[in-house]
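Beneath this line is the structure, given in structure tokens, with notes to follow.
The values are calculated or read from the model by the stated rules, or taken from the named source; none is laboratory data. Keep in mind it's a predicted model, so treat the numbers as computed, not measured. Cβ coordinates were reconstructed from backbone atoms using ideal geometry, including for glycine residues, and neighbour counts include every protein chain displayed. Ligands, DNA and RNA are excluded from the accessible area calculation, which covers all protein heavy atoms including side chains. Shrake-Rupley method; radii C 1.70, N 1.55, O 1.52, S 1.80 Å.
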Amino acid sequence: MAATPTQDLPPKGGYAPVNFTRIPARSYFNGYQLFAGFGVVSAVACYMYYKTYSLVRREDIEMRSGRLAVEPLLLAERDREFLKQIRRNRDEEARLMANVEGWEVGTYHGERIYKTIPSERFIDPVINEYFAHGPSKAYTDNAFFSLFS
């Protein structure tokens, strides 16, 4: 026959008492020290912000000066390429319409397009004429651009 099981009981005299009293956290600084520390940290942060702002402002002025110095050159190059493309368009029109009888380059069926404007005055072409002999992607990229996409 099997031995009788024994029940697990508390030790003689009972368990030790459970310590559940509150242990307050140790205070490292009092209120005056905290306010003084906050003031010191704020003063150092303001000084560092001022120094960094001065550096950023100086670099911003330098970048703006460089951009203003280079802008006329970039605009001249843009205008030069614009005129070269217009010349290429006229040359392409002359080559394409060489076999058409009575065709004059830069006219509409032999008549000037702008009759009241002197012939030596330059008129900017519409965007369709400017991209007429280029790839269609160049036209769509330049005509239908968006600043928000």
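Checked against (1) loosely packed, with under 10 Cβ neighbours inside 10 Å; (2) part of a helix (DSSP H, G or I), residue 119 meets all criteria but (2). Is it true that some residue in region 93-116 is open to solvent by 100 Å² or more (accessible area, probe 1.4 Å), within 30 Å of residue 143 (Cα to Cα) and modelled with pLDDT of 90 or more? The answer is yes, given that some residue of region 93-116 is open to solvent by 100 Å² or more (accessible area, probe 1.4 Å), within 30 Å of residue 143 (Cα to Cα) and modelled with pLDDT of 90 or more.
Condition check ((1) of a type outside the set (Lys, Arg); (2) open to solvent by 100 Å² or more (accessible area, probe 1.4 Å); (3) closer than 25 Å to residue 134 by Cα; (4) at pLDDT below 95) across all residues:
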site: 15; (1), (2), (3), (4): yes, yes, no, yes
site: 40; (1), (2), (3), (4): yes, no, no, no
site: 63; (1), (2), (3), (4): yes, yes, no, no
site: 81; (1), (2), (3), (4): yes, no, yes, yes
